[in-house]
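The values are calculated or read from the model by the stated rules, or taken from the named source; none is laboratory data. All of these numbers come straight from a predicted model, not from anything done at the bench. Glycine gets a Cβ as well: all are built from the backbone with ideal geometry, and neighbour counts include every protein chain shown. Quick note on the areas: whole protein, heavy atoms, side chains included, nothing else; ligands and nucleic acids left out. Shrake-Rupley method; radii C 1.70, N 1.55, O 1.52, S 1.80 Å.
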Number of protein chains: 2
Amino acid sequence: MARIVMKFGGTSMAGIERIRHVAGLVKREAERGNQVAVVVSAMAGETDRLIQFCREAASLYDPREYDVVVASGEQVTSGLLAITLQGMGTNARSYMGWQLPIRASGHAAALIEGIDAAVLEGVFAQGGIAVIPGFQGVTADGDVATLGRGGSDTSAVALAAAMKADRCDIYTDVDGVYTTDPRIVPRARKLSTVTYEEMLELASVGAKVLQTRSVGLAMRTNMPLQVLSSFEDRPGTMIVGDEALEDNDMERNVITGIAYDKNEARVTLTGIPDRPGVVAAVFGPLAEANINVDMIVQNIPRPGEASDLTFTVPTASLAHAAAELEQIRGEIGFTEILTDTNVVKVSAVGVGMRSNAGIAATMFRTLADRGINIVAITTSEIKVSVLIPEEYTELAVRVLHTAYGLDAEDAA
Amino acid sequence: MARIVMKFGGTSMAGIERIRHVAGLVKREAERGNQVAVVVSAMAGETDRLIQFCREAASLYDPREYDVVVASGEQVTSGLLAITLQGMGTNARSYMGWQLPIRASGHAAALIEGIDAAVLEGVFAQGGIAVIPGFQGVTADGDVATLGRGGSDTSAVALAAAMKADRCDIYTDVDGVYTTDPRIVPRARKLSTVTYEEMLELASVGAKVLQTRSVGLAMRTNMPLQVLSSFEDRPGTMIVGDEALEDNDMERNVITGIAYDKNEARVTLTGIPDRPGVVAAVFGPLAEANINVDMIVQNIPRPGEASDLTFTVPTASLAHAAAELEQIRGEIGFTEILTDTNVVKVSAVGVGMRSNAGIAATMFRTLADRGINIVAITTSEIKVSVLIPEEYTELAVRVLHTAYGLDAEDAA
């Protein structure tokens, strides 16, 4: 017997037919003798519809009232799944965030502070199934709070931790985490396991399977996650801690996956004077404006000469960043602001990198062999990322996938 | 300064543009110095959509979970109205049924047990506007409960009583209560006042402006109601107790209005034996089957001879009633079950009837003059109803409207 949280996203809950299919999966898990709590998203499109209502109602809407409106989508799917499960002869009940309760602080992007699992223990003791709306909680003032977009993944992991679950299964419309985007590399392989840290790097560079926040929470609480498809009946990808990699995982690749992210834009400031504190003077105002700077490259100038400073910001923040920089042009004394949105960040990710030299060298050589120019580089303990012209995205991902030995022996 | 509950139905809340219009009405009432609580319905069509989901999810759905699902419609409109009111510079906030709380018992057709007005007193003390979802409450177990279709009117009246409001204004898509259906009688007049009892009779015989239950609650708590249009800026109809009829109301008509109801079907059992207890043997099983019998006519037979028994049931219950009767045919010993759905009940209603003789006589003579055959008659203290062939509906309503002096002097 295991204790399991099953989480179903909006695509899996879109309409009664799909909810019935989800109920079948839940019932099967319960019939295996497992204790099951289910976390559900709103029907696909519903949250967007509700947010649109709020935006139309007032340009600056009260986050407290916004939460009242948007939390309703998961309320509906929770009740409908409970009804469907009951119709299949199981002992299921829904528990809203304020009923459990799921304690949260803040509004619109609230943080989960704690979950009281006492109610759930009672449900399990009676052989019941609990259905819980994702994305929502209740504040200390007794107000409805929502966790921000994608928050249902976080709800599921927090619930799993609170009820000391053996596993948190995230059912979605993909069947797992792949070595890279299968649309680009047909020989991409589904990974059987990936570590939390790898998943965080893969997610933050573009593989949007799970909300980053939920992976961080799973890592902190050491909760095993499984990403799997609600539409196909086969195992997904397990996301676990380094220490949980099994013996045969010793044979796993040094590199786990290749990710890419087109949502970065390059900014270059030319003619930056060689003066102490000038870099801080550039990045301070950007940080204050909540603009997330990622890769940074500064030419080392000859003493007394001007240099260039290159960095990346999210494409959505580029106009904002340029405006902020224009305001400090006089103070800094740079010559020009050059921007380029036709860039892509390509990353090789893998915990095996820690004990293996030459990972970055392989990347640079592989790209150089194809004549791909590298604009900027960043590395972390388990990741090497390069910024390259966007037109090379597919070529770069494909050749790196091969170079790191990730290609499946037979295309699926 | 007055304390007012304003209630808006689904048509008034259907979409952001209409919610904005409602917010304007609420703001104006607050700016007059009044303390205002607003009760809202779900957007028109939303509750039907949610009920349809429940029906598709399982043929026998759990009322507890049904309530979780359908209560969401009012949750959405409450939040959206609060956002819109805030956007107009007012100090508005929403309070769900479980937050106020609105205590209720039962599910799907729950009864309001009480409303705690302490939170509202605090809101009013700070010059705030409370927005409250209609149709919902919370049970002693902390579960969401809904009041049944049209329950938002009852929510509004119960809230008005709890907060000792001066008035409960029910905004709807008609501008008041009319002497009869203006589609049949263009010279129908809007009534400035009508008593609770008259409204109950008018509602129960077909003038579906207010939920009957809400009028009964207003009568018991002596809460003045006003029915008015949210789309037209003019006074509606006040619904008050007899004692609140003003002096000039002494001049009001003996008859307040003419109503009709096509949702009745006639049942005649022929050849009923003249035996004690036979009528009870017919109506007992129907009552147990929750079939509402309205008009009853029994021919007085000569001693020892068989007679006919005629009565009406709601058309929707006719098949059910016939099946029940078929089961007891042997026991009772009647000859035939004859049914007729092509009948209409036409009623003249008015508190002035109490002190005026000849009301029924006027009705019978007026109908007889047009050759309209009366199938059955019932009377109460303030109502005379006749069952006639449905094809005479418009003619009967029109001639009775004229006969009782209800026609407007000039058509509106």
Inset, instruction - Output the qualifying pairs, or none if there are none: Cβ atoms under 7 angstrom, residues six or more apart or on different chains, first residue in the range A:83-110 and within 18 Å of A:Val123 (Cβ to Cβ) and modelled with pLDDT of 95 or more, second residue among the basic types (Lys, Arg) and open to solvent by 40 Å² or more (accessible area, probe 1.4 Å). - result: A:Thr84/A:Arg20; A:Leu85/A:Lys27; A:Met88/A:Lys27; A:Thr90/A:Lys27
Inset, instruction - Could you check B:Thr179 against (1) at pLDDT 95 or above; (2) over 25 Å from B:Val22 (Cβ atoms) and say which number it fails? - result: (1)
Legend entry - Which numbered condition A:Ala110 fails, given (1) more than 27 Å from A:Arg32 (Cα to Cα); (2) within 14 Å of chain B (Cβ to nearest Cβ): (2)
Inset, instruction - Looking only at the range B:373-393, count how many residues are open to solvent by 10 Å² or more (accessible area, probe 1.4 Å) and modelled with pLDDT of 95 or more. - result: 4
Inset, instruction - Of the conditions (1) touching a strand residue (DSSP E or B) at 6+ places or on another chain (Cβ under 7 Å); (2) hydrophobic (A, V, I, L, M, F, W, C); (3) open to solvent by 40 Å² or more (accessible area, probe 1.4 Å), B:Ala44 clears all except one; give me its number. - result: (1)
Inset, instruction - Taking the residues in the range A:81-113 that are among the hydrophobic types (A, V, I, L, M, F, W, C) and part of a strand (DSSP E or B) as candidates, determine which candidate is surrounded by the fewest Cβ atoms within 10 Å (Cβ to Cβ). - result: A:Leu111
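For residues that are assigned to a helix (DSSP H, G or I) and hydrophobic (A, V, I, L, M, F, W, C), scanning just the range A:55-80, find the one that is farthest from the other protein chains (Cβ to nearest Cβ).
Per the criteria, the residue is A:Val70.
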Inset, instruction - Could you check, for the range A:241-258, whether at least one of its residues is open to solvent by 30 Å² or more (accessible area, probe 1.4 Å) and closer than 16 Å to A:Val313 by Cα? - result: no
Legend entry - Unmet requirement for B:Leu50, which otherwise passes all of (1) more than 7 Å from chain A (Cβ to nearest Cβ); (2) surrounded by 18 or more Cβ atoms within 10 Å (Cβ to Cβ); (3) part of a helix (DSSP H, G or I); (4) not β-branched (Val, Ile, Thr): (1)
Inset, instruction - Identify, from the list A:Ala140, A:Ala188, A:Ala156, the residue that is crowded, with 20+ Cβ neighbours inside 10 Å and out of contact with any Pro (no Cβ under 9 Å at 6 or more places or on another chain). - result: A:Ala156
Inset, instruction - Could you please let me know if A:Val282 is open to solvent by less than 50 Å² (accessible area, probe 1.4 Å) and part of a helix (DSSP H, G or I)? - result: yes
Inset, instruction - Please indicate, with yes or no, whether at least one residue in the range B:21-40 is outside any strand (DSSP E or B), open to solvent by 10 Å² or more (accessible area, probe 1.4 Å), within 14 Å of chain A (Cβ to nearest Cβ) and hydrophobic (A, V, I, L, M, F, W, C). - result: no
Inset, instruction - Only strands (runs of 3 or more DSSP E) wholly contained in the range B:117-174 count here; list those with 2 or more residues that are within 14 Å of chain A (Cβ to nearest Cβ) and either on the phi < 0 side of the Ramachandran plot or not small (Gly, Ala, Ser) (or both). - result: B:129-133, B:136-138, B:144-146
Inset, instruction - Might you check whether a residue that is modelled with pLDDT of 95 or more, under 19 Å from A:Gly134 (Cα atoms), facing chain B (nearest Cβ under 9 Å) and part of a helix (DSSP H, G or I) occurs anywhere in the range A:10-19? - result: yes
